[in-house]
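Undergrad: First the structure, which I've put down as structure tokens, then a few questions once you've had a look.
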């Protein structure tokens with residue numbers, strides 16, 4: 001068994017060492033042009049050349065949660081894309097979303113601004129029932145975030161393409177349920193996969209529907225920058241229709257130095273760090289899936305190219 005490793009912007013060495021330790025029966029090496037045929041590849045944003053030179057690949061293990069970059073490439077005919085189920089990302093995502101939500105709900109951003117001016121202030125406590133949180137996308141990460149938010153006793157709504165039933169979550173489904181979901185939610189957390197159907201889903205129309213169409217909605221985007229129509233956001237913030245936004249992902253990354261999101265007072269920017277891949281947990285999961293496939297057993301996380309996740 002041969003495994004190639006191709007990780008854009010990451011050092012492959014630690015991954016190769018970890019995979020060799022977890023799968024001592026396998027040959028594991030960094031991909032280079034002209035590499036010998038392999039059975040599996042562990043990848044992040046691989047070049048098309050790798051796929052062209054490896055027509056016999058059976059599996060592409062994507063080390064991140066999103067697979068949109070891979071689906072934009074021409075894949076070998078037999079290759080399946082397998083994504084990580086969690087590998088430590090879900091708890092990080094839950095931490096991030098709860099931090100952003102509570103920072104907005106408790107108005108800590110306003111306290112911080114006043115503290116910098118040396119002002120001691122008091123703000124009337126808000127009611128959690130006035131801040132229903134909508135989770136857009138109820139996959140592995142979405143379910144974990146929904147449970148974490150519910151722990152802080154916020155009302156939780158969830159939307160998915162097909163119906164789901166989650167304890168403590170008011171679930172909506174399908175295109176027909178999207179508008180009702182948005183209107184029932186004041187804080188919107190985007191955790192959707194990026195597909196042609198979801199590109200640009202965060203736009204003037206959908207974001208204006210938050211909070212029953214009344215001012216005061218809030219956006220937390222931790223999925224993909226291309227979900228958001230960036231030109232629509234600032235007018236909504238400036239008009240007061242949206243109270244603010246926390247953005248971890250952007251159409252162009254790194255976010256360009258002159259981008260207006262950097263300096264807008266109602267936008268919090270973080271550098272795509274809401275949920276980092278944990279190498280050791282990921283290697284253990286990949287090794288387990290390779291062994292399961294060798295035994296002829298099904299594995300979780302196989303991507304449906306038609307659905308995009």
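Undergrad: Using the structure shown, decide if residue 264 is assigned to a loop (DSSP other than H, G, I, E, B) and either farther than 25 Å from residue 196 by Cβ or touching a helix residue (DSSP H, G or I) at 6+ places or on another chain (Cβ under 7 Å) (or both). Please lay out each step first, then the result.
TA: Values: assigned to a loop (DSSP other than H, G, I, E, B): yes; either farther than 25 Å from residue 196 by Cβ or touching a helix residue (DSSP H, G or I) at 6+ places or on another chain (Cβ under 7 Å) (or both): yes.
Answer is yes for this residue.
Undergrad: Right, next: Condition test on residue 73, is it under 26 Å from residue 277 (Cβ atoms) and in the same structural domain as residue 201 (by TED's automatic domain parsing)?
TA: No, not satisfied.
Undergrad: Pairs under 9 Å by beta carbon, first residue outside the structural domain of residue 188 (by TED's automatic domain parsing) in region 134-158, partner at pLDDT 95 or above, six or more apart or different chains?
TA: Pairs found: none.
Undergrad: Now a separate question. Look at region 233-260 and say how many of its residues are in a helix (DSSP H, G or I) and surrounded by 18 or more Cβ atoms within 10 Å (Cβ to Cβ). Break it down into steps so the answer makes sense when it comes.
TA: Here is the first cut: in region 233-260, the residues in a helix (DSSP H, G or I) are 233-239, 260.
Applying the additional criterion that residues be surrounded by 18 or more Cβ atoms within 10 Å (Cβ to Cβ) yields 233, 236-237.
Result for region 233-260: 3.
Undergrad: Can you pull out the residues in region 295-309 that are touching a residue at least 40 places away in the same chain (Cβ under 8 Å) and surrounded by fewer than 16 Cβ atoms within 10 Å (Cβ to Cβ)? So that I can check it myself, show each step before the final result.
TA: Step one: of region 295-309, the residues touching a residue at least 40 places away in the same chain (Cβ under 8 Å) are 299-303, 305, 307-309.
Selection gives 300, 302, 305, 307.
Undergrad: Out of the residues in region 173-196 that are free of Cβ contacts under 8 Å to residues at least 24 places away in the same chain and out of contact with any strand residue (DSSP E or B) (no Cβ under 9 Å at 6 or more places or on another chain), state the one that is farthest from residue 145 (Cα to Cα).
TA: Let us first name the residues in region 173-196 that are free of Cβ contacts under 8 Å to residues at least 24 places away in the same chain, namely 173-177, 180.
From what's left, out of contact with any strand residue (DSSP E or B) (no Cβ under 9 Å at 6 or more places or on another chain): 175-176.
Numbers: 175: 22, 176: 24 Å.
My answer is 176.
Undergrad: Take the residues in region 165-198 that are out of contact with any helix residue (DSSP H, G or I) (no Cβ under 8 Å at 6 or more places or on another chain) and in a helix (DSSP H, G or I); name whichever of them is nearest to residue 218 (Cα to Cα). Walk me through how you get there before you give the answer.
TA: Keep residues of region 165-198 that are out of contact with any helix residue (DSSP H, G or I) (no Cβ under 8 Å at 6 or more places or on another chain), which gives 165, 167, 170-171, 173-177, 179-181, 196-197.
Checking which are in a helix (DSSP H, G or I) leaves us with 174-177, 179-181.
Numbers: 174: 22, 175: 21, 176: 22, 177: 20, 179: 16, 180: 17, 181: 14 Å.
Result: 181.
Undergrad: Return yes or no: is residue 90 touching a helix residue (DSSP H, G or I) at 6+ places or on another chain (Cβ under 8 Å), in a loop (DSSP other than H, G, I, E, B) and modelled with pLDDT under 95? Break it down stepwise before answering.
TA: Working: touching a helix residue (DSSP H, G or I) at 6+ places or on another chain (Cβ under 8 Å): yes; in a loop (DSSP other than H, G, I, E, B): no; modelled with pLDDT under 95: yes.
In short, no.
Undergrad: Looking at region 275-292, can you tell me whether even one residue there is within 26 Å of residue 186 (Cα to Cα) and modelled with pLDDT under 95? If you could, list the steps in order and put the result at the bottom.
TA: Just the residues of region 275-292 that are within 26 Å of residue 186 (Cα to Cα), to begin with: 275.
Retained after the next criterion (residues that are modelled with pLDDT under 95): 275.
For region 275-292, residues within 26 Å of residue 186 (Cα to Cα) and modelled with pLDDT under 95: present.
Undergrad: Return the residues of region 212-230 that are over 21 Å from the mean Cα position of the chain (by Cα) and more than 18 Å from residue 100 (Cα to Cα); say none if nothing qualifies. Please lay out each step first, then the result.
TA: Here is the first cut: in region 212-230, the residues over 21 Å from the mean Cα position of the chain (by Cα) are 212-216.
Within region 212-230, 212, 213, 214, 215 meet the criteria.
Undergrad: Among the candidates 157, 211, 221, single out the residue that is over 19 Å from residue 129 (Cα atoms), surrounded by 15 or more Cβ atoms within 10 Å (Cβ to Cβ) and at pLDDT 95 or above. Walk me through how you get there before you give the answer.
TA: Working: 157 fails: over 19 Å from residue 129 (Cα atoms); 211 fails: over 19 Å from residue 129 (Cα atoms).
Every option except 221 fails the conditions.
Undergrad: Does residue 251 satisfy the condition of being in contact with a helix residue (DSSP H, G or I) (Cβ under 6 Å, 6 or more places away or on another chain), more than 22 Å from residue 98 (Cα to Cα) and free of Cβ contacts under 8 Å to residues at least 60 places away in the same chain?
TA: Working: in contact with a helix residue (DSSP H, G or I) (Cβ under 6 Å, 6 or more places away or on another chain): yes; more than 22 Å from residue 98 (Cα to Cα): yes; free of Cβ contacts under 8 Å to residues at least 60 places away in the same chain: yes.
Answer is yes for this residue.
Undergrad: Something else now. Of the conditions (1) part of a loop (DSSP other than H, G, I, E, B); (2) out of contact with any strand residue (DSSP E or B) (no Cβ under 9 Å at 6 or more places or on another chain), residue 111 satisfies every one except a single condition; which number is it?
TA: Single failed check for residue 111: (1).
Undergrad: Give the residues of region 72-87 that are touching a residue at least 24 places away in the same chain (Cβ under 8 Å) and either surrounded by 21 or more Cβ atoms within 10 Å (Cβ to Cβ) or assigned to a loop (DSSP other than H, G, I, E, B) (or both), sorted by residue number. Steps first, answer last, please.
TA: Keep residues of region 72-87 that are touching a residue at least 24 places away in the same chain (Cβ under 8 Å), which gives 73-76, 79-87.
Of everything in region 72-87, those that are touching a residue at least 24 places away in the same chain (Cβ under 8 Å) and either surrounded by 21 or more Cβ atoms within 10 Å (Cβ to Cβ) or assigned to a loop (DSSP other than H, G, I, E, B) (or both) turn out to be 73, 74, 75, 76, 79, 82, 83, 84, 85, 86, 87.
Undergrad: Let me ask something else about it. Hey, among 204, 199, 179, which residue is at pLDDT 95 or above and more than 30 Å from residue 70 (Cα to Cα)? Full working, then the answer.
TA: Values: 204 fails: more than 30 Å from residue 70 (Cα to Cα); 199 fails: more than 30 Å from residue 70 (Cα to Cα).
That would be 179, the only listed residue that is at pLDDT 95 or above and more than 30 Å from residue 70 (Cα to Cα).
Undergrad: Within the bounds of region 231-248, is there any residue that is within 25 Å of residue 60 (Cα to Cα) and modelled with pLDDT of 95 or more?
TA: Scanning region 231-248 turns up no residue that is within 25 Å of residue 60 (Cα to Cα) and modelled with pLDDT of 95 or more.
The values are calculated or read from the model by the stated rules, or taken from the named source; none is laboratory data. Since the structure is predicted, the reported quantities are computational estimates derived from the model, not experimental observations. Note that we place each Cβ from the backbone using ideal geometry, even for glycine, and neighbour counts take in every protein chain shown.
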